[in-house]
Amino acid sequence: MRRDFLTQNLSLEIRNLDNGKIPYIYLYKFDDGTFIDAFALPENFYFEFSTSHFGYKKLVVISSSSSYYILDIETNKLAGPFKPNYRRELDDAVSARIHSLNIIENGNYLTFNATGDNFRMDISDPSNPIEVLIVEIDNSWVRDEPYNGNVIMKLPIETECEIVSRGKKEVIRDEEDYWYKIRYKDKEGYIFGSQTSVKLKRQ
């Protein structure tokens with residue numbers, strides 16, 4: 001099977017090889033048809049892509065089933081596969097498929113949806129995507145340990161923090177969510193998920 005997708009200065013030709021088991025991406029320059037390279041996606045195959053806007057970093061993000069890849073058009077390097085740190089248990093009722101890919105903010109961030117949750121990745125270094133969260137409640141407390149640790153920071157609303165790791169799930173004031181170890185301006189601490197953009201219970 002062959003499918004062609006045209007994006008900025010690039011043609012992506014998709015061929016499923018080995019009786020459809022191995023999808024390959026064939027890359028061509030859009031202006032003159034020069035062959036660039038081919039990359040294998042060795043997974044169950046679902047194809048969706050997003051490109052950065054003209055004038056910004058030239059990136060293509062490609063999802064293949066439950067993972068995604070980042071192609072830097074300028075260096076012709078394909079990074080991945082990257083798997084999201086899913087916030088829900090995966091079962092027959094919850095799809096792990098990544099969809100709604102969108103490259104935003106001058107090509108520095110990737111957003112997508114999986115398992116009903118929204119993800120935001122810092123892709124300023126395309127070879128090392130970093131998941132981030134946004135504080136949604138003003139003066140949110142960040143502790144040195146989960147639950148009853150000392151408060152070491154109070155973060156204003158819309159503060160962006162790197163997610164270092166996800167901890168255990170707890171119920172606090174009738175809100176069930178995870179504790180997240182975060183990094184903000186070289187300081188690390190723990191914030192409860194219900195105060196952030198990665199909270200389990202969306203309104």
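The values are calculated or read from the model by the stated rules, or taken from the named source; none is laboratory data. Since this is a predicted model, take the numbers as computed values, not measurements. No Cβ is skipped: glycine too gets one built from the backbone with ideal geometry, and neighbour counts run over all protein chains shown. Protein only, heavy atoms only, side chains kept; ligands, DNA and RNA dropped before computing areas. Shrake-Rupley method; radii C 1.70, N 1.55, O 1.52, S 1.80 Å.
From Thr111, Thr115, Thr75, Thr159, which residue is at positive phi and of a type in the set (Val, Ile, Thr)?
Values: Thr111 fails: at positive phi; Thr75 fails: at positive phi; Thr159 fails: at positive phi.
Only one candidate passes the filter, namely Thr115.
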Query - Close pairs from the range 149-170: first without any contact (Cβ under 8 Å) to a residue 12 or more places away in the chain, partner open to solvent by 40 Å² or more (accessible area, probe 1.4 Å) and outside any strand (DSSP E or B), Cβ under 7 Å, at least 6 apart - result: Asn150/Asp144
Query raised in the report: Is it the case that the range 184-203 has a residue that's over 20 Å from Ser100 (Cβ atoms), open to solvent by 60 Å² or more (accessible area, probe 1.4 Å) and in a strand (DSSP E or B)?
Result: yes
Query raised in the report: Do we find a residue being closer than 30 Å to Lys77 by Cβ and among the acidic types (Asp, Glu) anywhere in the range 168-190?
Result: yes
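Having 3 or more residues that are open to solvent by 20 Å² or more (accessible area, probe 1.4 Å) is the bar; report the strands (runs of 3 or more DSSP E) wholly within the range 94-159 that clear it.
99-104, 109-114, 117-122, 130-134, 151-155
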Query raised in the report: Across the range 151-197, which residue is nearest to the chain's Cα centre (by Cα) among those that are of a type in the set (Asp, Glu) and within 19 Å of Asn118 (Cβ to Cβ)?
Result: Glu162
Query raised in the report: Which one of these does Arg88 not meet: (1) modelled with pLDDT under 75; (2) surrounded by 15 or more Cβ atoms within 10 Å (Cβ to Cβ)?
Result: (2)
Requested in this report: State all residues of the range 160-183 that are in contact with a helix residue (DSSP H, G or I) (Cβ under 9 Å, 6 or more places away or on another chain) and in a strand (DSSP E or B); if no residue qualifies, say none.
Outcome: Arg166, Lys169, Ile172, Glu175, Glu176, Asp177, Tyr178, Trp179, Tyr180
